[in-house]
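What follows is a short report on a single structure.
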Amino acid sequence: MSATGLFTESDRTTVDRAARLAEGLVAQYFDLAHDDWIKNPYSLMTWKEAAKYLRDANVFAQTVRFDSRHTGKIQRAKPQDYYGVLLADPAILRALLRPQRHDLWTLGLFVLTHELVHIVRFRKFGVDFFGTPREREKEEEVVHKITREMLAGVESMDSLFSLYESGIRI
Ligand SMILES: [Zn+2]
């Protein structure tokens, strides 16, 4: 953990490993083809790699969408759109300091599984990336329920479910 609140290189390796596992779990849950994540890659970014206006210190992570036609216009998501997960290193590292301690591997797996479920639902289930606040709130509930189901039984995950359910948004 660095003093700047950003991931160190070794933190980044840990979250990359957690991402690989999350990809496998999500692929299994949604019965995706074995090469689905290769054919539909996403970017995993941290604050260092993100434009300042995208940074939100109040969430652990957010999904971002890149318009495949590079028009720069905001529009409804298309199947060929390209998604990314932006991890908020400071929020994640702060959560690791809570009295109820978590480790980066477990928290990373939780956050990444949640975000990848969002991406699959945007891509394959017609969920609108630009849904109304009410639609987004409902979608959060669905995504959390699926994530919970997928990670049930993973060691020390229960306290993370409670943390999320207490209002922290990812
Ligand atoms: Zn979410």
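Laboratory data are not the source of any read-out in this text; all were calculated from the coordinates shown. Remember, predicted model here, so these are calculated numbers, not experimental data. When we count neighbours, we look across all protein chains shown, and the Cβ atoms used for this are built from the backbone with ideal geometry, even at glycine.
Descriptive notes on the structure:
- Inter-probe distance in nm under a simple model that places probes 7 Å from Cα toward Cβ, at Val142 and Arg20: 3.2 nm
- Between Val59 and Ser156, full extension at 0.36 nm per residue minus the direct alpha carbon distance yields a gain of 32.9 nm.
- Scanning residues 5 or more positions from Tyr83 or on other chains, those with amide H under 5 Å from its amide H are Ser43, Phe66, with H placed 1.01 Å from N in the peptide plane.
- Cα convex hull, region 9-165: 121 Å³ per residue, rounded to a whole number.
- Mean Cα-pair separation over length for the chain, i.e. relative contact order, pairs under 8 Å, 6 or more apart, %: 28 percent
- Here is how the number arises for the chain: DSSP H runs of 4 or more residues each give -39500 (n - 2.57), the sum is divided by the residue count, and the result at 222 nm is -15000 deg cm²/dmol.
- Residue-wise HN-Hα coupling along region 43-52, computed from phi with Karplus coefficients 6.51, -1.76, 1.60 (Hz; x: Gly, Pro): 9, 9, 10, 10, 4, 3, 9, 10, 4, 4
- Pairwise label distance in nanometres, Lys124 with His34, each label 7 Å out on the Cα-Cβ vector: 1.6 nm
- When peptides 114-121, 126-133, 41-48 are sorted by average Cβ neighbour count within 10 Å, with the highest value leading, the order is 114-121, 41-48, 126-133.
- DSSP H segments from the chain that extend 15 Å or more along their own axis, Cα-based, with Kyte-Doolittle mean of -1.0 or above: 9-29, 104-124
- Rounded to 5, percent antiparallel among DSSP beta bridges of the chain: 60 percent
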